[in-house]
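Peer 1: Shown below is the structure under consideration.
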Amino acid sequence: MNRLNGILLVHAVLLSVCLQAQQHSDPERALVLSGDTTAMMRVLTTSHAGDAAILNAECRDLDPFDPMVRLLSQRMFLSMRDSANPGVGIAAPQVGIKRNAFWIQRFDKQGFPFEFMINPVILSYSALKRRGGEGCLSIPGVRGEVLRSYAIMVEYRDFSGGWHTELLEDFTAVIFQHEYDHLKGILFTDRMDQQLSFPVYPLPEGTELFLGPPGM
C-alpha cells in the first residue's frame with residue numbers, strides 16, 4: 001500500500017468512526033421506540049428524580065441521516081405541542097436524548113411554522129439585548145425575565161443533511177437561544193442567576209432594548 005492509499009484509508013476510518021459516534025446509541029433507540037411510537041415522549045422536568053442529570057448535561061452531535069431522527073422529531077413535536085402544556089420549542093435532552101437537535105417556532109416566517117434543527121450552532125451574538133419573560137416545559141409553573149441577544153447568526157442542518165446559515169432576530173432568536181442553552185445543559189433559570197451580575201446599559205427611555213456583553 002503506498003502512502004496516498006494509506007492516508008485515504010485513515011481518513012475513511014476516521015469518517016466512519018465519526019458517523020457511528022453520531023448515530024443514536026442502543027439506549028437512545030430504545031427510548032425513542034418505547035411505548036406508543038405515535039405518541040409524545042415524556043418531557044423531563046427538574047422536579048422529577050433523575051431528570052436533572054440529563055437536563056444539565058452537554059449534548060453530542062447527531063447524524064441527520066440516522067433513520068431514527070425522523071421518529072425522534074415527530075415524537076418531540078407531539079411533546080412540545082401537548083394540549084395540556086404547549087410550547088414554542090423543545091430540545092432533544094428534554095425528552096431524554098442528549099443530542100444536538102431541537103424544534104423552534106419561526107415567528108419570523110409567514111404562518112409561524114415549526115422547524116426541526118440538527119446540530120445547531122450560534123456563530124455570533126449581537127450586543128443589543130432584549131428582556132422578556134420565559135418559561136420552560138421542563139420547569140413547569142415557573143417564569144422569569146431573561147436577557148437575550150436581539151440578533152444572532154446561526155448555522156444548522158436539516159433532515160436532508162443540508163446546511164443553513166441565517167440571521168435570526170427578536171422572539172425567534174430568543175427561542176433559538178433558549179433551546180440552544182438546553183443543548184449545553186443550561187436552563188433559563190441558570191441564565192437568570194448568571195445575569196444578576198451582568199452590566200447592562202438601557203437605551204433611550206421607552207426602548208425595551210439594552211446593551212450588554214456578547215455571548216449571552
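No lab work stands behind these numbers, since they all come straight from the coordinates. Keep in mind that what you see is a predicted model, and the values were worked out from it rather than measured. Note: ideal-geometry Cβ built from the backbone for every residue, glycine included; neighbour counts use all protein chains shown.
Peer 1: Would you please give the residues with an amide H less than 5 Å from that of K129, counting only those at least 5 places away or on a separate chain, with H modeled from the backbone geometry?
Peer 2: For K129, the qualifying residues are Y150, F210, L211, G212.
Peer 1: Further question: Take K184, K129 and order them by how many other Cβ atoms sit within 10 Å, fewest up front. Working shown, then result.
Peer 2: Values: K184 14, K129 25.
With the fewest neighbours first, K184, K129 line up as K184, K129.
Peer 1: A follow-up question, please. Taking K129 as the anchor, which lysines have their alpha carbon closer than 25 Å to its alpha carbon, excluding any fewer than eight residues away along the same chain?
Peer 2: K109, K184
Peer 1: So if I place +1 on the C-beta of Lys and Arg and -1 on the C-beta of Asp and Glu, and nothing else carries charge, what would the dipole magnitude of the stretch 3-211 be about its Cα centre? I want it in debye, nearest 20. Mind dumping the intermediate values first?
Peer 2: Details: 19 positive and 24 negative charges, 59 e Å.
The dipole magnitude comes to about 280 debye.
Peer 1: Given R₀ = 22 Å, FRET efficiency for S83-T46 by Cβ-Cβ distance, to 0.05?
Peer 2: Details: r = 22 Å, r/R0 = 1.01.
Once the sixth-power term is evaluated, E becomes 0.50.
Peer 1: If amide hydrogens are placed 1.01 Å from N in the peptide plane, which non-local residues have theirs closer than 5 Å to the one on G144?
Peer 2: So G144 has HN proximity to E134.
Peer 1: Quick one: which residues, 5+ away or cross-chain, put their amide H under 5 Å from the amide H of F107? H built at 1.01 Å from N.
Peer 2: Correct list: T172.
Peer 1: Also, quick follow-up: Based only on other Cβ atoms within 10 Å, what is the fewest-to-most ordering of I122, I97? Can you show the working numbers first?
Peer 2: Working: I122 18, I97 25.
Ordered from fewest to most neighbouring Cβ atoms within 10 Å, I122, I97 come out as I122, I97.
Peer 1: Spin-label point model (7 Å from Cα, Cβ direction): what's the F198 to A53 distance in nm?
Peer 2: Placing both labels 7 Å along Cα→Cβ, they lie 3.1 nm apart.
Peer 1: Follow-up. At a 10 Å Cβ-Cβ cut-off, how would you order D36, D82, fewest neighbours first? Could the numbers behind the result be given before it?
Peer 2: Working: D36 7, D82 13.
Sorted ascending by nearby Cβ count, the order is D36, D82.
Peer 1: Could you give the length gained on full extension between L71 and V121, defined as 0.36 nm per residue of separation minus the Cα-Cα distance, in nm? The partial results should precede the final answer.
Peer 2: Numbers: separation 50, 0.36 × 50 = 18.00 nm, distance 2.26 nm.
Fully extending the segment from L71 to V121 adds 15.7 nm.
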